[in-house]
1. Given only helices, namely DSSP H runs of n ≥ 4 each adding -39500 (n - 2.57), what is the per-residue ellipticity at 222 nm of the chain, to the nearest 500 deg cm²/dmol?
2. At 7 Å along Cα-to-Cβ for each site, give me the label-to-label distance between GLN623 and GLU567 in nm.
3. Rank MET437, MET36, MET643 by accessible area, highest first, at a 1.4 Å probe radius?
4. Give me Rg/Rg_expected for the range 97-233, where Rg uses Cα atoms only and Rg_expected = 2.2 N^0.38 Å with N residues.
5. Carbon-plus-sulfur fraction of the accessible area of the range 202-250, 1.4 Å probe, in percent?
6. Given the Cα-Cα distance of ARG638 and THR129 and 0.36 nm per residue of separation, how much length would full extension add, in nm?
7. Could you go through the range 219-227 in sequence order and give the Karplus-derived ³J(HN,Hα) for each residue, using 6.51 cos²θ - 1.76 cosθ + 1.60 with θ = phi - 60°, rounded to whole Hz, and x for Gly and Pro?
8. At most 11 other Cβ atoms within 10 Å and a DSSP loop assignment: could you name the GluC sites (Glu not before Pro) in the range 373-453 that fit?
Amino acid sequence: MLLVLLGLAFSCLAADPSWEQKFRKVPEPQNLRDYMQRLSARPHHVGSPYDKDNAEWIVGKLKSWGLDAKIENFDVLFPTPKERLVVLVEPVKFTAKLEEPAVPGDPTSNQKSEQLPSYHAYSIDGEATAPLVYVNYGIPSDYEQLQRMGISVSGAIVIARYGASWRGIKPKVAAEHGAVACIVYSDPRDDGYYTGDVFPEGPQRPRDGAQRGSVMDMPLYPGDPLTPGIGATPNAERLAISDAKTLTKIPVLPISYGDAQPLLAALKGPVAPENWRGALPITYHVGPGPAKVHLKLNFNWDIKRLYDIVVRIPGTEYADEWVIRGNHHDAWVNGADDPLSGTVAEMEEARGLAELMKQGWKPKRTIIYCFWDGEEPGLLGSTEWAETHADDLQKHAVAYINSDSNSRGFLGASGSHTLENFINGVMKDIDDPETKMSVWKRAQLAGLARAPADRKREFRNRPDLRIEALGSGSDYTAFIDHLGVASLNLGYGGEGGSGGVYHSIYDDFYWYTHFADTDFVYGRALAQTAGTAVIRLADTDLLPFQFGDFADTVRTYVEDLKKLVTEQRAQIEEQNLELEEGVFAASADPRKTFVPPSKQPLPPRFNFAPLENALDLLLQSAQQYDAARQKPPAANYRAVNTMLIESERKLTDSAGLPGRPWFRHMIYAPGFYTGYGVKTIPGVREAIEQKRWQEADEQIVRVGKILTTEADLLDEAARSLGK
Ligand SMILES: [Zn+2]
């Protein structure tokens, strides 16, 4: 009897599952297809007529479903190309076409007058004539290898291939090494004919396809370069363009492999190391020269208007607690895959919520649906909105759920580990459209198949699948990294042809409906997944945060840091020894230039105790809180919810990371030299990687304090639940 009563009391506090089930029946693949066809009919980049037209059309749709939708404008710096020139001047002359040709049968590929030419947004203006050097992916380790070969890029134009890092890292590292300009090309090995049939026969990148993209120094701060930390509202105080810190230091341009091949073929000097060679039918040389290139770039440095769309559904019981959902709507060109495959799913979700409301449902918490503008140039729309409303968001935001491109395959979930258990629960209630098993089961079995031998046991036995940490690369960045709002990023993929037409004119309706989620059933699955997550977050009385998974994840991060230190020390010791033994001199070809590394001082022994002691507290407090939340909650769960909302904010520090104060999260950040790639416990990790020993020690203490504060909060929450 008592158990029954307790069970009843507990179930009253959980979300009513019948609304979720009704919701999941609403999204229709045909609607997704129709929205995508409408929204991708013309190019719709920031500042284009169709970007505004799309925003107004989406608002019209949302209103027609009975939702309260508004447009919020911001005014941002958005450069577009005025002059682009790449000429091989020696030893033979070749002028790069810098054109993506229309494809017969693909009806939007010929909209020349509205297409943005291929370029890198936020490259500076500039002109250079200099010898060319091939730098592989252009990441720091590639420059170490160049140094071993005795090759300097000082005064040179470097050519790097796409891949291995976010593109903006390549001109940044090139400039640090003294290069005067940078060219980035798409090698067929990475997303062209080596990987599959090329468009229009297949989904992969054709000879003349080029990848547009932002090269803004986003690891410093994303958003409008002229208004760091504040919203780019019409009257905001703006930096002069010359004072903006996130523009590149040297000019940079993307090109196709059709344009890159003559440049690379004209290089001599040493043959490129084996793992530097792409799939072009040439012998890859490093240079420098005799290839000499003339590059000239000029841009229109205009301020353009953004059209963010914001839908508010007021909550009934906890109106001050906001659940936020977002996906961008702007593209580089027609953008069917990126971003509309996600945008249209979000629209169907919004329609689904509107349908529930017509049937009498009212969310307990306030729900905010956002359709961002300006994601592509640098997360502009989401960052400016988050900065404008920072005070309110810090007070009220429960969680932010993001999506972007979506395709066929497995659900990828990443984000805050305080929501790992929650999203695992959602995944168990969604059916995979093609295999008919739950998307959780499919992800678990597929993960098991791919896992190395020593990780298979975890896939079988750990109740929750691990989710990846968030780096950067989509609109969750301002929420999690700047404001400390617990965030998730969701998307299906792995089986649609991806990558190949990314940020080119060929990412369009024709391509998507031939090679990606062609019947839009995974679009429906995304709408069902994210919508279920939103409803559950909005209606569950005690917020579904869980901390055992979070503490367990932090434990693995601390282990990783200690392993990093051990390996780094062993590697330096070994290299110093080999230098003494003459290993480098003996193993290099005496007829080729080889510069051995110099002897390095050993890193000091670090004291990880402040971090490990805090981790012990966190593991214990997390366990206690998770046990307390299993019991029927006491009356004061409202106070506990306030603490739960605080729990992600407590992982931030208003002083930010060393050298980049905009990034305030102490557990996750995009890497300063990886761009999109995440660095976990970034203050400590990057100090060790970049050999700033004293800073590493300071950051260990700092993160220890943050984790102790988190443990204290969980203790208080557990006590409140027990009362
Ligand atoms: Zn996108």
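The values are calculated or read from the model by the stated rules, or taken from the named source; none is laboratory data. Note that the structure is predicted; figures quoted are calculated from it, not measured. With ideal geometry, Cβ positions are generated from the backbone for all residues, glycine too; neighbour counts draw on all protein chains shown. What goes into the accessible areas is simple: the full protein's heavy atoms, side chains included, and nothing from ligands, DNA or RNA. Shrake-Rupley method; radii C 1.70, N 1.55, O 1.52, S 1.80 Å.
1. Details: 23 runs with 283 residues, N = 723.
One gets -12000 deg cm²/dmol as the mean residue ellipticity at 222 nm.
2. Going from the GLN623 label point to the GLU567 one covers 2.9 nm.
3. Working: MET437 70, MET36 0, MET643 25 Å².
Putting MET437, MET36, MET643 in descending order of accessible area: MET437, MET643, MET36.
4. The range 97-233 yields a ratio of 1.21.
5. Details: 970 of 1780 Å².
Roughly 54 percent of what the probe reaches on the range 202-250 is carbon or sulfur.
6. Stretched out fully, the ARG638 to THR129 stretch lengthens by 176.7 nm.
7. x, 7, 6, x, x, 4, x, 8, 10
8. Here no GluC sites (Glu not before Pro) fit, given the DSSP loop and packing criteria.
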